[in-house]
1. Checking residue 96 against (1) within 18 Å of residue 142 (Cβ to Cβ); (2) at pLDDT 95 or above, which test does it fail?
2. Taking residue 59 as meeting all but one of (1) within 22 Å of residue 142 (Cα to Cα); (2) part of a helix (DSSP H, G or I), write down the number of the exception.
3. Please work out which residue is surrounded by the most Cβ atoms within 10 Å (Cβ to Cβ), limiting yourself to region 122-153 and to residues that are at pLDDT 95 or above, out of contact with any strand residue (DSSP E or B) (no Cβ under 6 Å at 6 or more places or on another chain) and assigned to a loop (DSSP other than H, G, I, E, B).
4. When you look at residue 47, is it at positive phi and either in a helix (DSSP H, G or I) or free of Cβ contacts under 8 Å to residues at least 24 places away in the same chain (or both), yes or no?
5. Find the residue count for region 84-121, including only residues that are in a helix (DSSP H, G or I) and surrounded by fewer than 24 Cβ atoms within 10 Å (Cβ to Cβ).
6. Within region 2-12, identify whether any single residue is modelled with pLDDT of 95 or more and either part of a strand (DSSP E or B) or closer than 19 Å to residue 91 by Cα (or both), and answer yes or no.
7. I'd like the residue in region 62-76 that is touching a helix residue (DSSP H, G or I) at 6+ places or on another chain (Cβ under 9 Å) and assigned to a loop (DSSP other than H, G, I, E, B) and, out of all such residues, is farthest from residue 146 (Cα to Cα).
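The values are calculated or read from the model by the stated rules, or taken from the named source; none is laboratory data. This is a predicted model, so every value here is computed, not measured. So basically every Cβ, Gly included, is an ideal-geometry build from the backbone, and we count neighbours across all protein chains shown.
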């Protein structure tokens, strides 16, 4: 994962709290690209969380036929249902192709999980009229703005395990 301070573009533009909240509050269907059936993988945990919170979760993983009792699709282009968010759990270099597919299917947003940072992919999605969130976890942001953290009044901006120097 590339630290944000060494990126050649302004990542903060893809982490706007107002965009994040709008995307979360208007979404009903989320395609999780790279969703794993392995319970120990982050994609499984996030997908499971989203499903438990009432979202229609569509698995997109060419290696699987079914995840969470739902048909798994080989590609976004194979999904017939409208998709509000394309949640990306893939390597950053896969993002431009995923963004192209998201534009073709007229998704509402491309959401790139922690470490999925690719400027070209972001530009493709933006040029196609999609909202883009990058280097943020959909589960964490949902919990912050819609879920329990919101109910308790927390607004930490980002949950991290990195120490700040205070010990």
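1. Here residue 96 clears every test but (1).
2. If we test residue 59 against (1) within 22 Å of residue 142 (Cα to Cα); (2) part of a helix (DSSP H, G or I), just (2) comes out false.
3. Filtering first and then ranking leaves 137.
4. Criteria not met by residue 47.
5. Counting residues in region 84-121 that are in a helix (DSSP H, G or I) and surrounded by fewer than 24 Cβ atoms within 10 Å (Cβ to Cβ) gives 11.
6. Looking for residues that are modelled with pLDDT of 95 or more and either part of a strand (DSSP E or B) or closer than 19 Å to residue 91 by Cα (or both), one finds none in region 2-12, hence no.
7. The extreme case among them is 75.
So that you can scan it fast, the table gives a plain yes or no per residue for (1) touching a residue at least 60 places away in the same chain (Cβ under 8 Å); (2) more than 19 Å from residue 48 (Cα to Cα); (3) more than 13 Å from the chain's Cα centre (by Cα):
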position	(1), (2), (3)
79	no, yes, yes
103	no, yes, yes
116	no, yes, no
122	yes, yes, no
128	no, yes, yes
